[in-house]
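Contents: one structure, followed by commentary.
The values are calculated or read from the model by the stated rules, or taken from the named source; none is laboratory data. Just so we're clear, the structure is a prediction, and the values are computed from it rather than from any experiment. Note that each Cβ is placed from the backbone with ideal geometry, even for glycine, and that neighbours are counted across all protein chains shown.
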């Protein structure tokens with residue numbers, strides 16, 4: 001116990017260690033930034049080309065009108081879910097281990113939703129008309145069709161982005177004030193403006209704490225609703241393999257599963273490069289590993305249900321769709337999804353694997369690949385083989401849409417890399433809250 | 001009557017709580033407590049005789065406004081152009097619940113943010129005169145506003161409670 005106490009950081013240590021992460025970056029950081037920047041530039045060029053040439057450049061032809069863009073849209077929205085789960089749901093459950101990782105996870109949410117939001121625009125082709133989706137008075141008295149799942153999506157995603165940003169910013173507020181007080185010159189001015197004059201008075205904390213709990217309670221049903229709404233984009237359609245009440249929980253669980261994998265992909269290098277071992281311990285990785293394992297098992301159960309329902313329904317088209325997915329053109333992607341999402345995470349049953357960073361890292365990457373392909377398998381083979389042969393069709397990626405999708409990863413990472421150098425990626429306040437309070441007279 | 005303010009800086013939670021209790025006992029109620037993190041013990045002492053923070057009222061009003069807007073917008077606009085699709089009623093409540101739900105959360109969240117700003121008196125351009133940058137690191141502070149002639153008594157009780165530093 002004494003040894004434990006000796007290793008425990010003090011309040012001042014927390015400030016120092018977290019603010020240290022904001023020191024001017026190393027050449028390696030700039031190296032990574034340049035690589036990511038180049039990939040992003042390629043993505044932007046590809047998008048420009050697509051706008052100039054038309055959607056044919058992205059390999060879109062009936063029936064394959066959704067393809068990689070909607071696959072990536074669902075993938076990125078899903079990534080965001082783990083951040084809200086960690087920051088809101090685990091907050092309500094008072095899971096104290098969340099404190100050192102929730103900030104990074106929340107940043108991931110905001111950036112993932114920002115990335116996801118690009119895809120409907122890219123996919124719309126003439127994205128300068130995207131505002132048509134919003135309800136606004138116009139001289140033709142036209143309003144959106146509120147019975148359309150695509151309009152639900154607009155409301156769900158924009159609410160999710162707004163609330164995530166607000167929740168994220170409110171959480172950052174006292175930490176920005178701490179950075180303001182530790183910095184000088186123009187940095188002090190910028191952080192001072194962003195901190196909005198936070199002083200940590202009893203009055204401010206009192207309302208802040210109440211509000212934080214309310215934000216968490218609002219974000220919890222929101223996060224569960226968002227991926228449900230995204231799943232209804234599919235489930236409301238009559239396409240075989242899509243028209244199922246299973247879709248909402250199936251999507252929400254998959255989203256959380258892939259998001260946890262992304263959290264690990266981001267925090268394991270952060271911990272290594274900034275030596276954040278006292279804050280992000282093996283206990284945290286172990287807990288994340290367990291969550292990945294649980295969500296993977298639930299996902300496997302959904303996969304079994306999906307196949308069973310297709311068979312048990314006795315519906316010819318449902319069965320044909322499943323058979324085609326599993327054995328024909330896209331069978332490799334279909335089986336890859338099971339290997340990555342159902343088999344690979346099973347190694348996490350072993351505690352040694354859960355605390356062994358390289359293993360966790362590899363499993364997380366496999367999960368991300370598997371979850372991207374899961375959405376691919378829903379969208380591409382689903383649309384490729386529906387009710388009658390006249391509407392069947394194969395999709396193959398083109399250079400343009402592949403570059404745009406790879407560019408979206410660069411966009412996400414450039415935002416995240418930028419964030420970790422200007423804002424505290426570990427919460428100063430919440431980490432302090434987990435430490436014992438400084439007391440003069442020990443009475444325990 | 002000239003006003004004065006006295007600031008006591010503390011390194012420990014228990015001494016801060018002790019000082020708050022003593023100030024209360026001496027009849028001082030106009031003081032501000034600074035802390036780097038929200039502390040349960042300090043809050044418990046301060047919350048005695050205080051009504052619950054009205055933040056929840058903001059959230060409730062915002063949420064209800066959002067819900068009414070959601071139903072209002074969808075129902076009104078559907079009636080505006082009564083186009084039957086898929087044999088469904090013009091006013092189809094189940095899909096409209098989704099819009100109403102999202103707007104409940106959206107306006108509920110934004111009004112909660114508004115509550116933090118309004119009730120916490122933010123944004124503030126200047127730091128208050130009793131603020132010390134150590135309050136975001138590891139020090140707690142009690143700033144007491146009192147009549148000038150009572151300032152020495154306040155200083156004394158702050159130091160007796162265990163303040164590291166007392167400023168006037």
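Of all residues in region B:130-145, which are buried (at least 21 other Cβ atoms within 10 Å of the Cβ), in contact with a strand residue (DSSP E or B) (Cβ under 7 Å, 6 or more places away or on another chain) and not in a loop (DSSP other than H, G, I, E, B)?
B:135, B:140, B:141, B:142, B:143, B:144
If you take the residues of region A:126-144 that are under 15 Å from residue B:77 (Cα atoms) and surrounded by 13 or more Cβ atoms within 10 Å (Cβ to Cβ), which of them is farthest from the other protein chains (Cβ to nearest Cβ)?
Filtering first and then ranking leaves A:133.
Going by the conditions given, is residue A:421 surrounded by fewer than 23 Cβ atoms within 10 Å (Cβ to Cβ) and outside any helix (DSSP H, G or I)?
On the way: surrounded by fewer than 23 Cβ atoms within 10 Å (Cβ to Cβ): yes; outside any helix (DSSP H, G or I): no.
So residue A:421 fails the test.
Among the candidates A:154, A:170, A:166, A:113, single out the residue that is under 20 Å from residue B:66 (Cβ atoms), more than 10 Å from chain B (Cβ to nearest Cβ) and in contact with a helix residue (DSSP H, G or I) (Cβ under 9 Å, 6 or more places away or on another chain).
Details: A:154 fails: more than 10 Å from chain B (Cβ to nearest Cβ); A:170 fails: more than 10 Å from chain B (Cβ to nearest Cβ); A:166 fails: more than 10 Å from chain B (Cβ to nearest Cβ).
Among A:154, A:170, A:166, A:113, only A:113 is under 20 Å from residue B:66 (Cβ atoms), more than 10 Å from chain B (Cβ to nearest Cβ) and in contact with a helix residue (DSSP H, G or I) (Cβ under 9 Å, 6 or more places away or on another chain).
When region B:101-117 is examined, which residues are found to be touching a residue at least 24 places away in the same chain (Cβ under 8 Å) and surrounded by fewer than 21 Cβ atoms within 10 Å (Cβ to Cβ)?
At the first step, the residues of region B:101-117 found to be touching a residue at least 24 places away in the same chain (Cβ under 8 Å) are B:101-112, B:114-116.
Those that are touching a residue at least 24 places away in the same chain (Cβ under 8 Å) and surrounded by fewer than 21 Cβ atoms within 10 Å (Cβ to Cβ): B:110, B:114.
Suppose the filter is on the phi < 0 side of the Ramachandran plot, more than 14 Å from chain B (Cβ to nearest Cβ) and either surrounded by fewer than 24 Cβ atoms within 10 Å (Cβ to Cβ) or touching a residue at least 60 places away in the same chain (Cβ under 8 Å) (or both); does residue A:147 pass it?
Numbers: on the phi < 0 side of the Ramachandran plot: yes; more than 14 Å from chain B (Cβ to nearest Cβ): no; either surrounded by fewer than 24 Cβ atoms within 10 Å (Cβ to Cβ) or touching a residue at least 60 places away in the same chain (Cβ under 8 Å) (or both): yes.
So residue A:147 fails the test.
Which of the residues belonging to region B:86-119 are more than 18 Å from residue A:161 (Cα to Cα) and within 7 Å of another protein chain (Cβ to nearest Cβ)?
In the first step, residues of region B:86-119 are kept if they are more than 18 Å from residue A:161 (Cα to Cα); the result is B:86-97, B:115-119.
Scanning region B:86-119 gives B:88, B:92, B:95, B:96, B:115, B:116, B:119.
I need a count of the residues in region A:422-442 that are more than 18 Å from residue A:181 (Cβ to Cβ), more than 9 Å from chain B (Cβ to nearest Cβ) and touching a helix residue (DSSP H, G or I) at 6+ places or on another chain (Cβ under 6 Å).
2
Output the number of the condition that residue B:71 fails; it satisfies all remaining conditions of (1) at the interface with chain A (Cβ under 9 Å from one of its Cβ atoms); (2) farther than 13 Å from residue A:145 by Cα; (3) modelled with pLDDT of 95 or more.
Failing condition for residue B:71: (1).
Can you tell me which residues in region B:17-58 are within 8 Å of chain A (Cβ to nearest Cβ) and part of a helix (DSSP H, G or I)?
Within region B:17-58, B:41, B:42, B:43, B:46, B:47, B:55, B:56 qualify.
Just a yes or no: is a residue in region A:246-268 out of contact with any strand residue (DSSP E or B) (no Cβ under 9 Å at 6 or more places or on another chain), part of a loop (DSSP other than H, G, I, E, B), at pLDDT 90 or above and within 30 Å of residue A:358 (Cα to Cα)?
no
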